[in-house]
Amino acid sequence: MRDFLRTARRGRLTTAVAAAACSCALTVGLVGCGSSDDVLRTPDGSVISTTTTRFAQVNIVNPGRDYSRTCLAPTPADPGTADVQRIVVTDPALLDSLCALGLGPQVRAVVAAPGSVPAYLGPQLASVPALGDQPAAPDVRAADPDVILSTPETASRMEAIASTGAAPDAWTVTIAPSPDWQDEFSETARAVNRAAAGKQRLDEFAAEAARVGRLMDAAHTQASLVRFQPDQTTIEGTDSFAAQIMKIVGVDRPAAQRTPDAVKMTDDNHTEADADLIYVSYQGEEGKARGKDVLLSDQWLDMGAPTWKRVLSVDDGVWYAKPGLSAAWLIVNDLKSSLNGSSAAE
C-alpha cells in the first residue's frame, strides 16, 4: 500500500515574499533593527528566548515543561534494610524508576555514552557523570557504588566495571525485562531496598490516574495515537506505553486501534487515525518533517478531528520511549491538561 504522503493544500499560497524597509528610530542604543534570520531580538540585538507552542497548526501539550520537577520526593528504605547511598547504573532506562523513587541524588554515575540520559528526567540526572561503555578504574572508584544496577542488554558494561576491580564491595543486581512496566519498576524498587515505597508510589499513581479519568470524563472521549517516524507514520494500537497509560486513565480508543500492534498509515487506511481527539508525536527531526507534511495535507485536514481542531502534539520521548513511572506521571499530566483541549488558535 502507498505510504501516506503530503498532498498540496487547496488554496495555499506557494510563495509569499515581501520586501520591507526597516525604519529605525534615532534613539541611542537602538541597534539591530533589521534582522534577516527571523529570530526575535530586543532593540539592542539580543535574542529573545521563546517557547514554541504550535507546530504545523497543532498545539503542543505542555510546551516549555520544567523537567527539573520530574523526579519525586525521596522515599525511605524498607525497615531493617540498608539505605542505599551511592548507585551506579549501566542502563539509562533504569533511571526513570530511581527518579520516581526520589533517588536521583544517590545516582553517582551512568555507564553509558554522554547524552544518553532521557531529557525528561531533568537536569539533576543529566548532570550525572557518564562513564562510557568501558569505564576507567579511577572513574568507577570515584563513584564508589553501594549498588550497581544492570540489565541483560547491558551485561557487557557490567563486565567492564568488574574488570576494573574498582568496586569490589558493590552489590550488583540485574533487573530482568518485563512486558509490564510496573513489574519492572517494582523489581528496581526492591533492588534498592524500597519495595514498600515502590508499592506506595504505584498505588498513588493508580489513584491519581483514576481521578483524572473521572474528572475529564475520559471514558467518553475516543483518543487516537499517531506517531510520525523517519521512515513511516504509524497508528498505534494498545501495546505502546502511551496506550497503556491511557487505558489506566480510562480513555477510550477508536475501534480500529483496539488491537495490540501499531499499523502503518497509508492513503488507504488513514481515516483509522480519526477520533474525537488525535495525539501526534514526532520521532526526531526527520519524524517532525514527515509530520509537518502529513498534518498540512488535504487528506489529513479533511478528517473530523483536524477539521474541528482536535489534534494535539505530545513529546515522543515521554510517550513512547522506555516506559517507567516518571514518564507515566508526565503522560497523566498531559492528559489532564489536554483531554478537553483543542488546536484552535488563541
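The values are calculated or read from the model by the stated rules, or taken from the named source; none is laboratory data. Bear in mind the structure is a predicted one, so any value in this text is a computation, not a measurement. Backbone-built Cβ (ideal geometry, glycine too); neighbour counts: all protein chains shown.
Is at least one residue of the range 186-196 under 15 Å from Trp329 (Cα atoms), out of contact with any strand residue (DSSP E or B) (no Cβ under 7 Å at 6 or more places or on another chain) and crowded, with 20+ Cβ neighbours inside 10 Å? No, that holds for no residue.
Looking at the range 208-220, can you tell me whether even one residue there is in contact with a Pro (Cβ under 9 Å, 6 or more places away or on another chain) and over 28 Å from Asp78 (Cβ atoms)? No, the range 208-220 contains no residue that is in contact with a Pro (Cβ under 9 Å, 6 or more places away or on another chain) and over 28 Å from Asp78 (Cβ atoms). Given the structure, is Pro177 in contact with a helix residue (DSSP H, G or I) (Cβ under 7 Å, 6 or more places away or on another chain), surrounded by fewer than 18 Cβ atoms within 10 Å (Cβ to Cβ) and of a type outside the set (S, T, N, Q)? Taking the combined requirement at face value, the residue satisfies it. Could we say that Ala223 is surrounded by 19 or more Cβ atoms within 10 Å (Cβ to Cβ), within 21 Å of Gly104 (Cβ to Cβ) and not hydroxyl-bearing (Ser, Thr, Tyr) here? When the stated conditions are applied, Ala223 does not pass them. Within the range 156-170, the only residue that satisfies the criterion of being without any contact (Cβ under 8 Å) to a residue 40 or more places away in the chain, out of contact with any helix residue (DSSP H, G or I) (no Cβ under 9 Å at 6 or more places or on another chain) and either on the phi > 0 side of the Ramachandran plot or hydrophobic (A, V, I, L, M, F, W, C) (or both) is Ala162. For Asp217, the requirement of being of a type in the set (Asp, Glu), surrounded by fewer than 21 Cβ atoms within 10 Å (Cβ to Cβ) and outside the structural domain of Val111 (by TED's automatic domain parsing) is met.
For every residue, the table says whether it meets (1) surrounded by fewer than 19 Cβ atoms within 10 Å (Cβ to Cβ); (2) within 22 Å of Leu339 (Cα to Cα).
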site	(1), (2)
Thr233	no, no
Ala242	no, yes
Lys247	yes, yes
Val263	yes, no
